[in-house]
Amino acid sequence: MERNFSEFKEFIKGKKVGVVGIGVSNIPLIHFLVKLQATVTAFDKKNQKMLGAAAIGLKEAGVKLILGENYLNDLTGFDVIFKTPSMRIDNPALLRAKQEGTYITSEMEEFIKYCPAKTFGVTGSDGKTTTTTIIYNILKSEGYKTWVGGNIGNPLFANIEEITKDDKVVLELSSFQLMTMNVSTDVAVVTNLSPNHLDIHKNIEEYIDAKKNIFKYQNDQDLLILNKDNDLTYELRKEAMGRVKHFSIIDKVEDGAYFQDDKLFIMNNLVCNLDEIKLKGMHNVQNLLTAFCATQEEASVASMRKVATTFIGVEHRGEFVREVEGVKYYNDSIASTPTRTIASLKAFEKPVILIAGGYDKKIPFEPLAEEAYLNIKTLILVGATKYKIKEVFESVLKEKKIFLEIILVEDFNEAILKAKLVAKPGDIVTLSPACASFDMFKDFAARGNKFKEIVMALK
């Protein structure tokens, strides 16, 4: 049942509020809470110098700052705490606050709870951003005023009073955001499931349980969209609280979206042919089918077709950068899991020079070696996981009695320069790391931008 935002305004007024994390999503939240007459204290591990202008702006707004290594020691005595998504609920500081009777929540949780518009939530291990963006574009093409948020776009909670019941809101939701969620979106999408973020989650079961929250609190009229081709995802239909639709690139799904004879269909209606789509790879066909399912009750086939045949993709996702001396370079920095890299490699018509490696998310690399060794011409490894990936590949190659050149490099620049050195006209070089970026970069975007910068400077 839709809740009126005036309830929240009344609730938060005069409350002592702690906000953990002074990042992109929480800065607008903090200013909004101040506007709603809460007394706000913001916490962050970074010091004031590192926070720069953000810290100055918050201080000027009357926000108390608690910063530095021991910043969570003072997380006590609050009526409400907004936690940062990556902070586990079993963090000792949060457990202590909970015992004190503090209401613990997050920006996204409160947004979904009070949003007056129909909400579309997208989660999964791979394809979230692309699918979210396609859904957004289809709804926009249909003529709706559409907002996009969550992991992409702008934080929306501070804009909640501008959103009307006739608008549409599309949210990309990570397992971190969903982990403590006790409210679900009207339309819930699970693109696929495979091991991910096992550096944060205790195990795959906890990871999947977090994802389930996107539909766990739906009513019987709400809609859940599931990938029929992914066993872990398809199993979730048994726990659905409302209606379910599926998509598939293998089977004909009459009450959903499917791919057959090089054509994409929704509810048995032809949307477009495969050769009309700008996006490369069958994983992007899946992303389109997912979006068709999610928007089928709001949008026409014409709007779906328009987006499917014109959308060229999202930055850092199979992004063509440049051709140098007959060699094409692609930026797929978003590929922070083996499954995502596998899908990316299979989108190319021939084996590629692959640059991989990075921060260890504790995900096994065996699937990458076993499923993609024939899609790789040369493997260039960098970062914290390079020896781990090399060992897995060597084991598979030995078993298959196949040779694959594997090159280890010391830094990111060297990886790209080495790729240029070994590449011949007609070759493809792609950055598709199968790992997170945190050993070398603050995030995948910084990694992708650095890759593009180096490639653009090649002569």
**Message:** For a protection proxy built on the mean count of beta-carbon atoms within 10 angstrom, sort 232-245, 332-345 highest first, please.
**Reply:** 332-345, 232-245
**Fill in**
Place a point 7 Å from the Cα of residue 166 in the direction of its beta carbon; the residues of the range 288-314 whose amide N falls under 17 Å from it are 298-299
**Prompt:** What is the calculated FRET efficiency for residue 91 to residue 411, with r their C-beta to C-beta distance and R₀ = 25 Å, to the nearest 0.05?
**Reply:** 0.15
**Asked** Can you list residues whose amide H is under 5 Å from residue 272's amide H, if they're 5+ apart or on another chain and H is modeled 1.01 Å from N?
**Response** 264
**Prompt:** Going through the range 128-168, which trypsin sites (Lys or Arg not before Pro) have at most 14 other Cβ atoms within 10 Å and a DSSP loop state?
**Reply:** 145, 165
**Item:** For peptides 42-49, 418-425, sequence by mean Cβ density within 10 Å, most packed first
**Value:** 42-49, 418-425
**Using alpha-carbon coordinates, inclination of helix 26-35 to the longest axis of the chain, degrees** = 20
**Item:** Qualifying aspartates and glutamates (Cα of each under 12 Å from Cα of residue 168; at least 8 residues distant if same chain)
**Value:** 142, 186, 298
**Message:** Could you give the length gained by full extension between residue 13 and residue 388, i.e. 0.36 nm per residue of separation minus their alpha carbon distance, to one decimal place?
**Reply:** 129.8 nm
**Fill in**
Here the range 377-383 yields Karplus 3J(HN,Hα) values (6.51, -1.76, 1.60; θ = phi - 60°; whole Hz; Gly and Pro given as x) of 8, 9, 10, 10, 10, 9, x
**Asked** Per the helix-only calculation at 222 nm, which mean residue ellipticity applies to the chain, given -39500 (n - 2.57) for every DSSP H run of n ≥ 4 and division by its residues, nearest 500 deg cm²/dmol?
**Response** -10000 deg cm²/dmol
**Item:** For the range 5-105: relative contact order, % (alpha-carbon pairs under 8 angstrom, 6 or more apart)
**Value:** 29
**Request:** Round to the nearest 10 and give me the degree value, 0 to 90, for the angle of helix 204-216's Cα axis relative to the longest principal axis of the chain.
**Result:** 60
**Prompt:** Using alpha-carbon positions, what is the distance between the centroids of the range 1-48 and the range 385-459, in Å?
**Reply:** 42
**Prompt:** Using the per-residue mean of other Cβ atoms lying within 10 Å as a proxy for protection, in what order, highest first, do the peptides 108-120, 437-449 fall?
**Reply:** 108-120, 437-449
**Fill in**
Hits in the range 392-421: amide N under 20 Å from the 7 Å Cα→Cβ extension of residue 457, namely 409-421
**Request:** Return the FRET efficiency for the residue pair residue 320, residue 262: r is the Cβ-Cβ distance, R0 is 30 Å, and the value is rounded to the nearest 0.05.
**Result:** 0.85
**Message:** Expected output is a single nm value to one decimal: the length gained when fully extending between residue 99 and residue 34, i.e. 0.36 nm times separation in residues minus the C-alpha distance. What is it?
**Reply:** 20.8 nm
**Asked** What is the range 210-259's relative contact order, in percent, from Cα pairs under 8 angstrom and six or more apart in sequence?
**Response** 32
**Prompt:** Counting other Cβ atoms within 10 Å of each Cβ, which GluC sites (Glu not before Pro) in the range 320-381 have at most 11 and sit in a DSSP loop?
**Reply:** 325, 349
**Request:** Please sort by residue number the GluC sites (Glu not before Pro) in the range 392-459 whose DSSP state is loop and whose Cβ has at most 13 other Cβ atoms within 10 Å.
**Result:** 410
**Complete:** Rounded to two decimals, the Rg over Rh value of the range 5-105 from Cα coordinates and the Kirkwood Rh reads 0.94
**Prompt:** What does the charge dipole of the chain about its Cα centre add up to, to the nearest 20 debye, if the Cβ of each Lys and Arg holds +1 and the Cβ of each Asp and Glu holds -1?
**Reply:** 800
**Prompt:** So, in nm, how far is label residue 113 from label residue 278 when the simple model puts each one 7 Å beyond its Cα toward the Cβ?
**Reply:** 4.0
**Asked** Modelled label-to-label distance, residue 235 and residue 53, 7 Å Cα→beta-carbon offset: nm?
**Response** 4.8
**Item:** Entries in 386/418; 211/245; 128/252 that, when Cα-Cα distance is taken, lie over 20 Å
**Value:** 128/252
**Message:** When a/c reaches 1.5 or more, the comparison of a/b and b/c decides; with that in mind, is the chain rounded, prolate or oblate per its Cα gyration tensor?
**Reply:** oblate
**Item:** Two-decimal ratio, the range 319-457, of alpha-carbon radius of gyration to 2.2 N^0.38 Å
**Value:** 0.94
**Complete:** Proxy exposure order for 435, 272 (fewest C-beta within 10 Å first) is 272, 435
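Throughout, read-outs are computed from the coordinates displayed, never taken from laboratory work. Because the structure is predicted, anything quoted here is derived from the model rather than measured. All Cβ positions, even for glycine, are placed from backbone atoms using ideal geometry, and neighbour counts span all protein chains on display.
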